[in-house]
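Student: Please see the structure below; I have some questions.
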Amino acid sequence: MDKTTDMPTVMDDAVTFEAVYDRYFEPVFRFVTYRTGNREVAKDLTADIFLKVYKRFSAYDPKKGSFEVWLYTIAGNQVKDYYRRKNRFQWLPITAAKDVAEEDPTTEERMENKEEIAFLRCAVKKLKPRDQLLISYKFGAELSNKTIAELMDTNANHVGVMIHRLLNQLRKEMEAYYE
């Protein structure tokens, strides 16, 4: 089941802010963590985002676009405002925002993993800002191609092609690392 279909496309009285918060908090938090590279900053920004959503909840108009696009527009603008205030910009690798619990790795495995992440971080930083944003939507927020297309003003097929090309480009970078 596609995660983006959990919320109705039309907001009605049955949809509460609490339901929206429960459904979208984690993906928005991952998206913001990916964009900022700092979990504490991401917690603060995510709280600010949901405060704005709460204040504007009744103003959402489904005729203007999907709820996810509305929500991630608010989230993206909040991150932009943060960087304007801080005058800095950082990107993290695709895997950095994921909290994957695995068996305890050995010291050597942890070091290898850190090196791989550092190399991938460098490869992602070499991408154009629009490509970095695309990766953060897809892997940070885990948005559908359709939602990403609405956010980036393109079509879903083009998003799929761009993601495919970016992943191939990053795969080639990682192959160079392993050689």
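The values are calculated or read from the model by the stated rules, or taken from the named source; none is laboratory data. Only a predicted model underlies this, so the values are computations on that prediction, with no experimental measurement involved. Neighbour counts are summed over all protein chains in view; Cβ atoms, including those assigned to glycine, are modelled from backbone coordinates with ideal geometry.
Student: Going through region 54-77 one residue at a time, which ones are in contact (Cβ under 8 Å) with a residue 24 or more places away in the chain, in a helix (DSSP H, G or I) and either closer than 16 Å to Leu143 by Cβ or among the aromatic types (Phe, Trp, Tyr) (or both)?
Tutor: If the condition is that a residue be in contact (Cβ under 8 Å) with a residue 24 or more places away in the chain, in a helix (DSSP H, G or I) and either closer than 16 Å to Leu143 by Cβ or among the aromatic types (Phe, Trp, Tyr) (or both), then Tyr54, Phe57, Phe67, Glu68, Val69, Leu71, Tyr72, Thr73, Ile74, Ala75, Gly76 are the ones that fit.
Student: Out of Asn87, Asn38, which single residue is at pLDDT below 90 and under 16 Å from the mean Cα position of the chain (by Cα)?
Tutor: The match here is Asn38.
Student: Kindly check whether there is at least one residue in region 125-142 that is modelled with pLDDT under 85 and either closer than 19 Å to Tyr72 by Cα or loosely packed, with under 15 Cβ neighbours inside 10 Å (or both).
Tutor: Of the residues in region 125-142, the ones modelled with pLDDT under 85 are 125.
When the remaining residues are screened for being either closer than 19 Å to Tyr72 by Cα or loosely packed, with under 15 Cβ neighbours inside 10 Å (or both), the result is 125.
Checking region 125-142: at least one residue is modelled with pLDDT under 85 and either closer than 19 Å to Tyr72 by Cα or loosely packed, with under 15 Cβ neighbours inside 10 Å (or both).
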